[in-house]
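The values are calculated or read from the model by the stated rules, or taken from the named source; none is laboratory data. The structure presented is a predicted model; accordingly, all values stated were derived computationally and were not measured. Counting neighbours? That spans all protein chains shown, and the Cβs are built from the backbone with ideal geometry, glycine included.
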Amino acid sequence: MKYKGERIYLSEFTREDFDLFYSVFSNDQVMKYALIDKYTSREDILPYFEEVLENNSSKEDRKAYEFAVYLNTNGHFIGFAGIEIYKKNTSGGCGEIGYFLLPQHWGNGYATEISKLLIAISFKEIKLHGVAARCNANNLKSEKVMQKLGMTKEGEFRKVRFKDNQWVNEQEYCILVEEWKQDN
């Protein structure tokens with residue numbers, strides 16, 4: 001499954017993409033603010049990668065959609081993007097979007113473009129009624145992306161992330177389908 005944006009496209013991970021996947025989750029800079037710690041070996045990340053492949057092959061009741069992110073111009077890999085489904089029923093559902101970009105692609109507006117595309121997929125394709133996004137409270141650039149998307153701050157969770165031997169706060173934002181439709 002592929003989804004195309006203005007400058008990027010999303011493609012579900014395949015078995016051949018393991019090295020690309022590992023390049024994101026083993027990068028110190030990328031994982032600095034992540035909820036999870038960086039992976040330090042290929043063996044450690046393999047169960048997670050297998051889970052991603054299993055989710056991507058599911059036809060019904062998917063728990064997540066995980067994508068490799070590429071540039072339209074040259075097909076260059078730039079990162080990871082995903083949608084996690086929390087709850088789903090015939091009236092809609094709730095999920096969360098997230099992304100990780102390789103450092104050389106920071107500051108180019110790709111995070112905003114990726115997030116817009118993930119929200120559109122969540123509402124148009126998956127038929128969710130609410131989409132959340134979270135970030136480490138120290139990651140002001142990710143928080144700014146959520147604000148640009150028209151998401152509303154739902155709250156700050158105190159000391160819920162353990163990073164670099166300390167507890168840090170986390171910001172959560174959300175957008176509802178009716179709010180998204182007003183701007184799209």
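When the stretch 1-52 is filtered for residues that are farther than 28 Å from ALA120 by Cβ, surrounded by fewer than 16 Cβ atoms within 10 Å (Cβ to Cβ) and β-branched (Val, Ile, Thr), only THR40 remains.
Let's see how each residue does on (1) within 26 Å of GLY93 (Cβ to Cβ); (2) touching a Cys at 6+ places or on another chain (Cβ under 7 Å); (3) not aliphatic (A, V, I, L, M):
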residue: LEU117; (1), (2), (3): yes, no, no
residue: ILE121; (1), (2), (3): yes, no, no
residue: LEU128; (1), (2), (3): yes, yes, no
residue: ARG134; (1), (2), (3): yes, no, yes
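In the stretch 155-175, of all residues being surrounded by 13 or more Cβ atoms within 10 Å (Cβ to Cβ) and charged (D, E, K, R), the one that is farthest from GLN29 (Cα to Cα) corresponds to GLU172.
Of all residues in the stretch 125-154, those satisfying the criterion of being over 23 Å from LYS38 (Cβ atoms), surrounded by fewer than 22 Cβ atoms within 10 Å (Cβ to Cβ) and touching a strand residue (DSSP E or B) at 6+ places or on another chain (Cβ under 9 Å) are GLU125, ILE126, LYS127, HIS129, GLY130, ALA132, GLN147, LEU149, GLY150, THR152, LYS153, GLU154. If only residues of the stretch 74-110 that are among the aromatic types (Phe, Trp, Tyr) and more than 18 Å from ASP19 (Cβ to Cβ) are counted, the one that is modelled with the lowest pLDDT is TYR86. Residue pairs whose Cβ atoms lie under 7 Å apart, sitting 6 or more positions apart in sequence or on different chains, and linking a residue in the stretch 112-126 that is touching a residue at least 24 places away in the same chain (Cβ under 8 Å) to a partner that is surrounded by fewer than 22 Cβ atoms within 10 Å (Cβ to Cβ) and of a type in the set (Asp, Glu), are GLU113/GLU6.
With respect to the conditions (1) crowded, with 16+ Cβ neighbours inside 10 Å; (2) over 30 Å from GLN166 (Cα atoms); (3) of a type in the set (Ser, Thr, Tyr); (4) at pLDDT below 95, SER122 falls short on a single one, namely (4). Against the test of being free of Cβ contacts under 8 Å to residues at least 40 places away in the same chain, exposed (fewer than 14 other Cβ atoms within 10 Å of the Cβ) and of a type in the set (S, T, N, Q), the options ASN74, ASN55 yield a single qualifying residue, ASN74.
Of the strands (runs of 3 or more DSSP E) that lie entirely inside the stretch 115-184, those containing 2 or more residues that are on the phi < 0 side of the Ramachandran plot and touching a Gly at 6+ places or on another chain (Cβ under 8 Å) span 130-136, 166-176. Selection of the stretch 47-64 for residues being outside any helix (DSSP H, G or I) and under 15 Å from the mean Cα position of the chain (by Cα) yields LYS63, ALA64.
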